[in-house]
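Step one of this worksheet: look at the structure below.
The values are calculated or read from the model by the stated rules, or taken from the named source; none is laboratory data. Quick caveat, the model's predicted, so the values are computed rather than measured. A quick note on method: Cβ atoms are made from the backbone with ideal geometry, for glycine too, and the neighbour counts reach across all protein chains shown.
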Amino acid sequence: MGDPDGDLLAVNRVLDAHLHAVDLATCVDDLTGNPNARWWEQLDCAPEAVAARVQAAGVSGGVLVQAVGAHGFDNSLVLGAAEALGDDWRAMVAVGSTVEDPLSVLDRAVALRATGLRLFSIPDPWLSSDVAVELVQRCADSGVGPSVCCRAEELQAVARIAAAVPDCEIALDHCGFVSLGGDDRALVDLATRENLVVKLSTGVFDTAPVAPLSVVSRLLDLFGAERIVWGSDHPQVHDRAYPELVTLVGDALRGLDATTQAAVLGGNAARLWFDH
């Protein structure tokens, strides 16, 4: 993993745990309330283009997370793309409140070699439902790594799911949109759930009232190195070139021990979504 000066962190295999891909020919209107609506029109978001930018920056591969705003819950693009791109790529499909039979979606995705399931709960919260717990339990039984995408107001429901399925690691997208270094009490409460992992995405750095080094320090204090996973959120984050997103997290981790760097930048993602 390099920065503009060519300096390398002590990480052999860097994996980006939060990438998106979009097919312009089949995308839909964004109904998620995302203020960055129709971001997929700002640059080439085809799977091959995303993969090329990622690998050119020295990142081995990553997780293609279903872009709900662009494709709803039709997961066919990420499933096909991960298969076509090869061993350094994985698909994370998504389900939401409007999906009639989410368990069947998960079963089909497993049959097509998906290793991640995203419980998408924006703008309509649904994680307090019994089906959310059932989905995570099915993930545990199937060897699939679940993640949840929700606002901070729903984090108590996330804690309930984590308590109900303690043998399944659950990733929290974007740290639950909690402001690290600000009022982050919601994450303090979640940190006691040892099966919860936080996803350190670019937006977490951008919205924090403290410097990136302090963001990482706070997360390490709360969760430890084995429960933090980096994901850029590219190309939804498109205001900077991809190498700048890589440099941002690299600089935030610089000076930490090699074991911590390797865990956050690839090892934890490998454990959650690759080593199955």
query = Quick check, is Val210 without any contact (Cβ under 8 Å) to a residue 60 or more places away in the chain, hydrophobic (A, V, I, L, M, F, W, C), farther than 26 Å from Pro146 by Cβ and in contact with a helix residue (DSSP H, G or I) (Cβ under 8 Å, 6 or more places away or on another chain)?
reply = yes
key: Unmet criterion (only one of (1) aliphatic (A, V, I, L, M); (2) in contact with a Lys or Arg (Cβ under 8 Å, 6 or more places away or on another chain); (3) assigned to a loop (DSSP other than H, G, I, E, B); (4) buried (at least 17 other Cβ atoms within 10 Å of the Cβ)) for Val210   = (4)
message = Can you go through Gly69, Gly62, Gly80 and tell me which one is of a type in the set (Gly, Ala, Ser) and touching a helix residue (DSSP H, G or I) at 6+ places or on another chain (Cβ under 7 Å)?
response = Gly62
query = Got a sec? Which of Gly181, Gly145 is modelled with pLDDT under 95 and either farther than 18 Å from Arg90 by Cβ or touching a strand residue (DSSP E or B) at 6+ places or on another chain (Cβ under 7 Å) (or both)?
reply = Gly181
task = State which residue is surrounded by the fewest Cβ atoms within 10 Å (Cβ to Cβ) when the search covers only segment 46-71 and only residues that are in a loop (DSSP other than H, G, I, E, B) and under 17 Å from the mean Cα position of the chain (by Cα).
result = Ser60
key: Set Val136, Val197, Val158: member being of a type outside the set (Ser, Thr, Tyr), assigned to a strand (DSSP E or B) and under 17 Å from the mean Cα position of the chain (by Cα)   = Val197
message = Would you confirm, using the coordinates I've provided, whether Val28 is of a type outside the set (Gly, Ala, Ser), outside any strand (DSSP E or B) and in contact (Cβ under 8 Å) with a residue 40 or more places away in the chain?
response = yes
query = Is at least one residue of segment 236-255 under 17 Å from Ser60 (Cβ atoms), assigned to a loop (DSSP other than H, G, I, E, B) and among the polar types (S, T, N, Q)?
reply = no
